[in-house]
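Laboratory data are not the source of any read-out in this text; all were calculated from the coordinates shown. All values derive from a computational prediction rather than experimental measurement. Here the Cβ positions follow ideal geometry from the backbone for every residue, glycine too, while neighbour counts run over all protein chains shown.
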Amino acid sequence: MDKKIILGVIALVVATIGIILMMPDNSVSTPDTLPWKITHPTPDTTRVFGITLGKSTLDEVAHTYKYETELEISLFKPSDAAMGVEAFFEEVNFNGLKAKIIMTIAIPTEELPGMFERGLRMNSTPSGKRITLTADDLARVRSLPVASLTYMPTARIEESVISKRFGEPAQRIREKKTNLIHWLYPQHGLDVVLGEGQKPFFQYLPPKDFEILRAPLLANGEIMTTDSAAKSAVQ
């Protein structure tokens, strides 16, 4: 190969590496950002990923990580449930684990209809309608606490790892409609959701609010016995 071509290729590689090194590192690597690092500052609160659910405001969350400009907020009106406001990061990188994070915001119920009426745009989704909020309503939302958090890793976390990190769940409930299996840890304010061929995801909320999550599961699902849970794990 011509010497000039070789030198040109080397220069291009060096330049590319330099650009990569200068790109901002948006990973966050601390013990607090591991999905099994759950603490309870008080008996009724849950702290995970550096967020105290029911206390940390959305604005505080946005400033805690390096993803503030990537935070998306919208009012969601499901077709089969009450509306609420969700905020999410499409992708975060905590300790090398990439994931999507969805947060629900603790907004007084009486404020939601006004936000809906003032909405700037409405987009239909398979599960409901998503409304773009006004600047004033976005500011209001950012000042309120995060009520619950869903962590959806892109990598598969095996059931054996979940068992090792969290221990045996207090209950396993299978949804009749979807066959999703919920491993419930009320003492942690944690619901680990598993489905055949799907990657597990984790739902966190304060222990005092755990019945809000468990009640509909019991109404629309079945409690799995130890034997049936073991068969499911084998499958």
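Tabulated results
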quantity	calculated
FRET efficiency, Glu72 to Glu168 (Cβ-Cβ, R0 35 Å, nearest 0.05)	0.45
Extended-chain gain in nm, criterion 0.36 nm per residue less alpha-carbon gap, Ala155 and Ser79	24.4 nm
Alpha carbon centroid spacing (whole Å) that separates segment 35-105 from segment 133-211	11
Convex hull of Cα atoms in segment 25-155, direction-averaged projection (nm²)	8.7
Cα gyration tensor category, rounded, prolate or oblate, for segment 156-235 with a/c compared to 1.5	oblate
Full-extension gain in nm, His40 to Ala135, via 0.36 nm per residue minus C-alpha separation	30.8 nm
